[in-house]
Amino acid sequence: MKNILVDGMHGLGDNVLQRAVLRRLLATNDDHIIWLRTPWPCLYHDLVGDRLRLINPVQTLRTQRKNAARESIRYDRHRPPPSRRLRVWYDHNSIRRYGSFLVGMLQTTLRCGDADADFSLPVPTSWLDKANALIGRQQKPLMVLRPLVERTEW
């Protein structure tokens, strides 16, 4: 099999959107193993397998470094073999041109993509159990809002 080494983004929200890039790569590269550098391995729990492997990006960013350490067991212990490299990215111009972060990311990274790309994240039962233990089972929908954080080190 051939290999693709994907240098993923660092932010939590970007990694959720980045799932669409990984889904597209897995769907269009049947004969490849995808190696993803990410500080957020839990966000790929449903995609990891024979064709998607996660590697620790060795972060200098505080939150990402702490999360990678907490989830270190989820990383593949092997070094990726020589691979074609791909960097997941978007910028201000791509967002304005394509109208969204998601399409900007897909177009900048893969030169394809549309607003229907699938970045959905199935929630494991264990996560729901932890939430229920923490806040109790809710009768109404619950929204958790995390405001945008501007990181000066980026």
What's the number of the condition A68 fails, among (1) over 18 Å from L26 (Cβ atoms); (2) crowded, with 16+ Cβ neighbours inside 10 Å; (3) out of contact with any Pro (no Cβ under 7 Å at 6 or more places or on another chain)?
(3)
Would you be able to say whether some residue in region 71-81 is over 20 Å from C42 (Cβ atoms) and among the basic types (K, R)?
yes
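Table: residues versus (1) out of contact with any Pro (no Cβ under 6 Å at 6 or more places or on another chain); (2) touching a residue at least 60 places away in the same chain (Cβ under 8 Å); (3) aliphatic (A, V, I, L, M).
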{"position": "D116", "(1), (2), (3)": "yes, no, no"}
{"position": "S120", "(1), (2), (3)": "yes, yes, no"}
{"position": "L134", "(1), (2), (3)": "yes, no, yes"}
{"position": "L145", "(1), (2), (3)": "yes, no, yes"}
Among the numbered criteria (1) on the phi > 0 side of the Ramachandran plot; (2) out of contact with any helix residue (DSSP H, G or I) (no Cβ under 6 Å at 6 or more places or on another chain); (3) surrounded by 11 or more Cβ atoms within 10 Å (Cβ to Cβ), which single criterion is violated by P124?
(1)
Scan region 54-70 and tell me whether some residue there is on the phi < 0 side of the Ramachandran plot, modelled with pLDDT of 95 or more and hydrophobic (A, V, I, L, M, F, W, C).
yes
Please pick out the residue among D129, D76 that is more than 18 Å from R24 (Cα to Cα), assigned to a helix (DSSP H, G or I) and of a type in the set (D, E).
D129
Pair list, Cβ < 7 Å and 6+ apart or interchain, from region 50-72 residues that are over 24 Å from S83 (Cα atoms) and touching a residue at least 24 places away in the same chain (Cβ under 8 Å) to residues that are of a type in the set (D, E, K, R) and surrounded by fewer than 18 Cβ atoms within 10 Å (Cβ to Cβ):
L61/E153
Does region 82-89 include one or more residues that are of a type in the set (D, E, K, R), surrounded by fewer than 17 Cβ atoms within 10 Å (Cβ to Cβ) and closer than 15 Å to R19 by Cβ?
no
Quick one: which of R97, R53, R146, R65 is assigned to a strand (DSSP E or B), of a type outside the set (A, V, I, L, M) and either within 19 Å of D14 (Cα to Cα) or under 16 Å from the mean Cα position of the chain (by Cα) (or both)?
R53
Of everything in region 73-113, what is at positive phi and touching a residue at least 12 places away in the same chain (Cβ under 8 Å)? Give them in sequence order.
G99, G113
Output the residues belonging to region 18-42 that are surrounded by 21 or more Cβ atoms within 10 Å (Cβ to Cβ) and within 25 Å of V144 (Cβ to Cβ).
Q18, A20, V21, L22, T38, P39, W40, P41
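The values are calculated or read from the model by the stated rules, or taken from the named source; none is laboratory data. All values reported here derive from a predicted model rather than from experimental measurement. When we count neighbours, we look across all protein chains shown, and the Cβ atoms used for this are built from the backbone with ideal geometry, even at glycine.
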